[in-house]
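To keep things clear, I will list the structure first and then write my remarks on it.
The values are calculated or read from the model by the stated rules, or taken from the named source; none is laboratory data. Predicted model only: the values in this text are computed from it and were never measured. Here the Cβ positions follow ideal geometry from the backbone for every residue, glycine too, while neighbour counts run over all protein chains shown.
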Amino acid sequence: MPPLDQDGNRPGLRESSQNAVSRKHQDALLAARLYYLQDLTMDRIARQLRTSRSTVSRLLSFAREEGLVQIQINSPIDSAVELEAAIAERFGIMDRAVHVVPQVENLNEAETQDRVAMYAARSLTPLVASQTVIGIAWGSTLSAMSRYLSRKPTHGTTVVQLNGAANTQTMGLGYASEIMRRFGRAFDADVEEFPVPAFFDRSDTKQWMWAERSVRRVLDVQARMSLALFGVGSVGADVPSHVYSGGYLDNADLDSLAAEGVVGDVATVFFRADGSSDGISLNARGTGPDFDALRRVPRRLCVVSGAAKAAALRGALHAELVTDLIVDEATGRALLAEQA
């Protein structure tokens, strides 16, 4: 068989014009298969077809022009952008306030949480300015996020703990306090810890404590928040929320939450799938912020990782607790699927 000429045709063959076109299509298809399916280099293809490298390049261009080859780019970034817009529209969040971290194959849920936490830490830095009061709700996601904070010196900034951390087993100092200190160090901020239990044994004890001046001082700082930062707790998550795994709830508490239709919590305040929180008995003993107070905070950044938290996140969105959302792609898709 004669070699190809510089136009990708085979000279010396007495063929009709239609047959010549057909032969060129065959040669272009062969070059495309060798290049795209077998990953051969243009030089190797040129040797196999007994032609030059530039002729192979023209054959590949011809294959694309004739529709023999169609190149499709599946960009996870484009996919994430579409998902962000769909979530924002579905739940009434402002444009560009939803950020989806693109999915990476073969990562387990803990590794995905780590990627989301890193993204959230970087996204937080531009939101923090001098004189900002930042409310922090401790949890597994914010704990991971606190390890990736970049330092940004500010003046007059305060970091305030939103819910107590003590329980019957521990005062919570080694967990919640370290999270608070990391945020404080990142922004040269004063740190206001909340020295109360996550849940009181009795609701009237909470009422008495809320009248104490030492507690009122922290509550007054919370009332001045311009930025609140929190995750969403869910009992069924693969990476369990700390409130469910850290000894804060006993079996009776868990049974009560199930009976009352609870799907999750924000800052240890529990809510149902429709976002309602009234009449949930454990909330009367909890030390997290009342949702009406939380909604008054101008910026409320929610960071969520794990598709098992989709139902809880949906409830938080229905409760209108979120103005800004950072979520992994799998959870974002599960969120829309549940809403459909």
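Has the stretch 21-30 got at least one residue that is in a helix (DSSP H, G or I), of a type in the set (Asp, Glu), closer than 20 Å to residue 69 by Cα and modelled with pLDDT of 60 or more? Break it down stepwise before answering.
Residues of the stretch 21-30 that are in a helix (DSSP H, G or I), as a first pass: 21-30.
Add one more test, that the residue is of a type in the set (Asp, Glu), and what stays is 27.
From what is left, the residues that are closer than 20 Å to residue 69 by Cα are 27.
Then drop every residue that is not modelled with pLDDT of 60 or more, which leaves 27.
Among the residues of the stretch 21-30, at least one is in a helix (DSSP H, G or I), of a type in the set (Asp, Glu), closer than 20 Å to residue 69 by Cα and modelled with pLDDT of 60 or more, which makes the answer yes.
Take the conditions part of a helix (DSSP H, G or I), surrounded by 12 or more Cβ atoms within 10 Å (Cβ to Cβ) and either free of Cβ contacts under 8 Å to residues at least 24 places away in the same chain or touching a Ser or Thr at 6+ places or on another chain (Cβ under 6 Å) (or both) and apply them to residue 85. Does it pass?
On the way: part of a helix (DSSP H, G or I): yes; surrounded by 12 or more Cβ atoms within 10 Å (Cβ to Cβ): yes; either free of Cβ contacts under 8 Å to residues at least 24 places away in the same chain or touching a Ser or Thr at 6+ places or on another chain (Cβ under 6 Å) (or both): yes.
Considered against the rule, which asks whether it is part of a helix (DSSP H, G or I), surrounded by 12 or more Cβ atoms within 10 Å (Cβ to Cβ) and either free of Cβ contacts under 8 Å to residues at least 24 places away in the same chain or touching a Ser or Thr at 6+ places or on another chain (Cβ under 6 Å) (or both), residue 85 comes out as yes.
Output yes when any residue across the stretch 108-125 is modelled with pLDDT of 90 or more, at positive phi and either in a helix (DSSP H, G or I) or surrounded by fewer than 11 Cβ atoms within 10 Å (Cβ to Cβ) (or both), and no when none is.
Checked against the condition, which is being modelled with pLDDT of 90 or more, at positive phi and either in a helix (DSSP H, G or I) or surrounded by fewer than 11 Cβ atoms within 10 Å (Cβ to Cβ) (or both), the stretch 108-125 yields no hits at all.
Checking residue 46 against (1) over 13 Å from residue 27 (Cα atoms); (2) at pLDDT 90 or above: exactly one of these is not met. Which one?
In the conditions (1) over 13 Å from residue 27 (Cα atoms); (2) at pLDDT 90 or above, residue 46 misses (1) alone.
Within the stretch 306-314, is even one residue in contact with an Asp or Glu (Cβ under 7 Å, 6 or more places away or on another chain), free of Cβ contacts under 8 Å to residues at least 60 places away in the same chain and of a type outside the set (Lys, Arg)?
Looking for residues that are in contact with an Asp or Glu (Cβ under 7 Å, 6 or more places away or on another chain), free of Cβ contacts under 8 Å to residues at least 60 places away in the same chain and of a type outside the set (Lys, Arg), one finds at least one in the stretch 306-314, hence yes.
For the stretch 305-320, give me the residue count where each residue is over 13 Å from residue 264 (Cα atoms) and over 14 Å from the mean Cα position of the chain (by Cα).
The total comes to 1.
For residues that are hydrophobic (A, V, I, L, M, F, W, C) and either under 12 Å from the mean Cα position of the chain (by Cα) or part of a loop (DSSP other than H, G, I, E, B) (or both), tally how many sit in the stretch 126-141. First the steps, then the outcome.
In the first step, residues of the stretch 126-141 are kept if they are hydrophobic (A, V, I, L, M, F, W, C); the result is 127-129, 133-134, 136-138.
Adding the requirement that they be either under 12 Å from the mean Cα position of the chain (by Cα) or part of a loop (DSSP other than H, G, I, E, B) (or both) leaves 128-129, 137-138.
Final tally of qualifying residues: 4.
Report yes if residue 151 is surrounded by fewer than 21 Cβ atoms within 10 Å (Cβ to Cβ) and closer than 27 Å to residue 323 by Cβ, otherwise no.
Yes: the conditions hold for residue 151.
Here's a check for you: in the stretch 267-304, which residue that is β-branched (Val, Ile, Thr) and part of a loop (DSSP other than H, G, I, E, B) is surrounded by the fewest Cβ atoms within 10 Å (Cβ to Cβ)?
Here the answer is 280.
Here are some residues: 196, 218, 235. Which one is more than 21 Å from residue 258 (Cβ to Cβ), modelled with pLDDT under 95, of a type outside the set (S, T, N, Q) and surrounded by 15 or more Cβ atoms within 10 Å (Cβ to Cβ)?
Going through 196, 218, 235 in turn, just one is more than 21 Å from residue 258 (Cβ to Cβ), modelled with pLDDT under 95, of a type outside the set (S, T, N, Q) and surrounded by 15 or more Cβ atoms within 10 Å (Cβ to Cβ): 196.
Name every residue in the stretch 288-311 that is basic (Lys, Arg) and under 12 Å from residue 233 (Cβ atoms), in order of residue number.
Matches in the stretch 288-311: 309 only.
Write out, first by first residue and then by second, each pair whose Cβ atoms fall under 9 Å of each other, whose residues are 6+ apart or on separate chains, and whose first residue, in the stretch 57-74, is in the same structural domain as residue 22 (by TED's automatic domain parsing) while the second is at pLDDT 80 or above and part of a loop (DSSP other than H, G, I, E, B).
Qualifying pairs under 9 Å: 59/51; 60/69; 62/68; 63/69.
If I filter the stretch 177-215 down to residues being in a helix (DSSP H, G or I) and among the basic types (Lys, Arg), which single residue comes out as farthest from residue 154 (Cα to Cα)? First the steps, then the outcome.
Initially, the stretch 177-215 is screened for residues in a helix (DSSP H, G or I), giving 177-187, 203-209, 213-215.
Checking which are among the basic types (Lys, Arg) leaves us with 181-182, 185, 206, 213.
Details: 181: 15, 182: 14, 185: 10, 206: 34, 213: 28 Å.
Only one residue fits best here, namely 206.
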